[in-house]
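The block underneath contains the structure these notes are about, expressed in structure tokens.
The values are calculated or read from the model by the stated rules, or taken from the named source; none is laboratory data. Everything numeric here is computed off the predicted structure, so don't read it as measured data. Here Cβ is always computed from backbone atoms with ideal geometry, including for glycine, and neighbour counts include all displayed protein chains. These accessible areas exclude ligands, DNA and RNA; they are computed on the full protein's heavy atoms, side chains included. Shrake-Rupley method; radii C 1.70, N 1.55, O 1.52, S 1.80 Å.
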Amino acid sequence: MKYAIPIMILACVAHSLTVQAEPDRTRPNIILIMVDDMGYSDIGCYGGEVNTPNINQLAASGLRFKQFYNTAKCHTTRAELLTGNYAYSIGDNNLEHGATFAEVLRAVGYRTIIAGKWHQQPLPTTRGFDRYYGLADGCCNFFNPGLMARDGEGPPGRKGKTRVRRWAIEDKVIMGYTNPDRNFYTTDAFTSYAIDRLEEYRGEDKPFLLYLPYTAPHYPLHAWPDDIAKYRGKYRIGWDAIRKQRFERMKELGIIGPNHVLSTRAARAWDTLTEEQQDAEDLKMAVYAAMIDRVDQNLGRLFSKVKELDEWDNTLILFLTDNGACPEQPNTTPEIPPGPVESYRTVSVEWANASNTPYRKFKSTDYEGGTRTPFIAHWPGVIESGMTDQVGHIIDISATFRDITGATYPKTVNGKKTKPPVGKSLLPVFHGEQRQPHREIFWHFNKANAVRQGNLKAVRQAKAAWELYDLKADPSEVNNLAKTLPEKTSELAAKWEAWRKECQKRPQN
Ligand SMILES: [Ca+2]
């Protein structure tokens, strides 16, 4: 017994050293920016030709992740990002067994603001956010999310005649929101709301959390004419040339390495199109680029505000996309070209393929073209500029916030027990250290399934046979190893099935 006390003391000291590391600073402000359905290589700092100087500047003085993942779909990404747990583990549409990072951070004194796309039930104001403005639904018309035509305009383009989009201002739902101001455009409006809130809370003795999930560049293709004009004609070289150009630029930047190859083109060769078709395709991609350009312009406005408030040096900024570029084709106004409020158009499959250069496939699949996201972390004085190959996932973001602030994950939220979160803090990576990686990372959306263990990844679509890729030797997923390594393939498939069963277990209240 005489050694019991010293051993206990040693154990306590060891515990405090490993678990209760001091946070870097006293609770920085946090801005989490997410774009919607944007491909891996659209922005300049990841190899794209779209003009994104503000995001590029963030990347130049921040950390770029080369292997960071989302869930390949809008609402599941939001569920996992917000709660730090897998979507089907906590309730993918209502987060009923998870705590949002707003709930977590508000409990340690944060002012919590969201402007943009929520895509969950119920509203953010019931899930830890003090203030909300935006689209509670999945997508909408950028100029007029409602049903009513405004003076001088035709009826707003919509996905379907019966489709009414859920909008909200604070805790009030508005089914079909029409703003009479002809200068209304969602990307601008979300940013203005965010800037106004930062101004409103200027001088408040609280750090802020600003979650800014933009709806751009998700369809419909809507942009201001001046922004479209900057890109009109630039895409006449076609998707084959754009893919090659991006691939070379990504190699030059170091975003991809010597083992990357350009995956096979998704569909039509550009030179099989008529001149008229090529012109129509050029317009589609010009509008898409203009939408991303507009996000960047708005981030310039936001960053100026943060600097004016003298908060820039104490603000962690994260930027990512919620899933890969989208091949869906709900073109409900084929007779109206993309751009204006009356249209409802999408990019072609081939452009989505180019957006995901060099990776295969798209949104809603668990191939790298669906799940790999550009991810930039910027925090003056803490994060040094550079790039990292360390693998991360959006479930890690909530864990990172808790690690930085010392906040804890509540055991219950709104009377429901939470499941313990599975994300791991990115703070060691921010510090330039090698972190202990996840043993496995899992994906599941609808018919898309995948698991990554080290560099090996098993993936399948629509219950087809599992495929196996070595992402170190073959990051573009062109060489299926399932027949060469059948035992490993089966082992990973079994892990995925076991994980799926674990997700279905819900805590009993
Ligand atoms: Ca999306």
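Using C-alpha pairs below 8 Å separated by at least 6 residues, the relative contact order for region 25-436 is 31 percent. For region 420-509, the share of accessible area belonging to carbon and sulfur comes to 51 percent (1.4 Å probe, ligands and nucleic acids excluded). Computed over every Cα-Cα pair of region 372-425 and binned at 5 Å starting from 0, the pair-distance distribution P(r) comes out as 4, 14, 21, 24, 17, 8, 7, 4, 1 percent. Spacing of the modelled spin labels on Asp313 and Arg163, each 7 Å from Cα toward Cβ, amounts to 4.8 nm. At a probe radius of 1.4 angstrom, the accessible area of region 25-436 per residue rounds to 34 square angstrom. Each of Thr408 and Asn446 was given a label point 7 Å from its Cα along the Cα-to-Cβ line. The distance between the two points is 4.1 nm. The alpha carbons of region 351-505 stretch over 47, 41, 31 Å along the principal axes, in descending order. Note on Ile174 and Lys234: their simple-model spin labels are 3.3 nm apart, each label 7 Å out from Cα toward Cβ. Report the one residue of Thr272, Asn85, Ile255 whose Cα lies farthest in the direction of the positive end of the charge dipole of the chain (charges on C-beta: Lys and Arg +1, Asp and Glu -1; origin at the Cα centre). The Cα lying farthest towards the positive end belongs to Asn85. Net length available on complete extension from Met387 to Ser490 is 33.7 nm, with 0.36 nm assigned per residue and the Cα-Cα distance removed. Dividing the summed helix terms, -39500 (n - 2.57) for each DSSP H run of n ≥ 4, by the number of residues in the chain produces a 222 nm estimate of -9500 deg cm²/dmol to the nearest 500. Summed over all non-identical Cα pairs, the Kirkwood treatment of region 25-436 gives a radius of 21.4 Å. Charge dipole of the chain (Cα centre as origin; +1 on each Lys and Arg Cβ, -1 on each Asp and Glu Cβ, all else neutral): 1660 debye, rounded to the nearest 20.
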